[in-house]
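Readers should treat all values here as calculations from the given coordinates under stated rules, not as data from a laboratory. Since we're looking at a predicted model, the values are computed, not measured. Using ideal geometry, Cβ is built from the backbone for each residue, glycine included, and neighbour counts are taken over all protein chains shown.
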Amino acid sequence: MKAVIFDFDGTIIDTETIWFHVFKELVKEEFEIDLPLEEFAKSIGTTDEVFFQYIEIQTGMKIDPQEINQLANERFLEKRGILEIREGVKEKLDEAKDLGYKIGLASSSSREWVEGFLRQFELWDYFSVIKTSEDVDKVKPDPTLYLKALEALQVEPHEALAIEDSLNGAAAAIDAGIKCIVIPNQVTAFLNFHEKTIRSETFGDFSFKQIN
């Protein structure tokens, strides 16, 4: 193995759990409907399109995604202070660095979003390649983010490992031909992942040498 490519949201920092609680509260107050975790999980690692379709189906109303996102962002910012790096992530980054692996990142989020958190938590310097939604026409589960990361890292798919937390992210990695290890978070732990993935409950439960 020559490279490891990390997902960001839900993998490095568990933003997904906060987003779930934010949207659950929001749709309850604004539309008087429940948001099951099973429905929210469909949008994890990709766009919010499926989530908004769910609201429209449940309410029978045409909604304004931009307005909902603005309300959600305001609530998210109020909770942002509780975010922290997932346990074991920095140790895994150090392990990859010590082994001489190239380290990349492939995220369906915007570069501004990703870079802001990486700099805040002093993780920016670990990554030699960062690919985000601005770099592709289609985000995960489309494999293009991973394919572009591979190209920039100058490695072949069989020489890399992807680290993910969601079904959409894992699907993208697998379709790109990359071995994928999944470390679920609070909102993805209930999911059944693709049989080709390697599931680990924590970052401390595996070493890169074991997977090589």
- Message: From the gyration tensor of the Cα coordinates in the stretch 1-83, what semi-axes in whole Å does the equivalent ellipsoid have, largest first, with each one equal to sqrt(5λ)?
- Response: 26, 16, 11
- Message: Please report the antiparallel percentage of the DSSP beta bridges confined to the chain, to the nearest 5.
- Response: 5
- Note on the structure: Going through K179/K209; K28/K140; K102/K131; K42/K148; K28/K79 one by one, the pairs whose alpha carbons sit over 20 Å apart turn out to be K28/K140; K42/K148
- In degrees, nearest ten, helix 89-98 long axis to first principal axis of the chain (Cα): 20
- Taking the inverse of the average 1/r across all pairs of different Cα atoms in the stretch 37-133, what Kirkwood radius in Å do you get? 16.0
- Note on the structure: In terms of the alpha carbon gyration tensor, root eigenvalues a ≥ b ≥ c, rounded if a/c is under 1.5 and otherwise prolate when a/b exceeds b/c or oblate, the stretch 68-113 is oblate
- Note on the structure: Diffusion coefficient in µm²/s returned for the stretch 118-170 by Stokes-Einstein, Kirkwood Rh over C-alpha pairs, 37 °C and 0.692 mPa s, is 268
- Task: Give the longest segment of the chain that steers clear of trypsin sites (Lys or Arg not before Pro) in DSSP loops with at most 12 neighbouring Cβ atoms within 10 Å, not counting the sites themselves.
- Result: 63-195
- Taking only the alpha carbons of the stretch 148-212, what extent do you get along each of the three principal axes, in Å, biggest first? 34, 25, 18
- Query: Once the Cα gyration tensor of the chain is diagonalised, what are the square roots of 5 times its eigenvalues, in whole Å and ordered largest first, as equivalent ellipsoid semi-axes?
  - Reply: 30, 17, 16
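Under the definition of Cα pairs under 8 Å and six or more residues apart, what whole-number percent is the relative contact order of the stretch 58-212?
In percent, rounded to a whole number, it is 17.
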- What is the Cα centroid distance between the stretch 86-165 and the stretch 168-200, reported in whole angstrom? 15
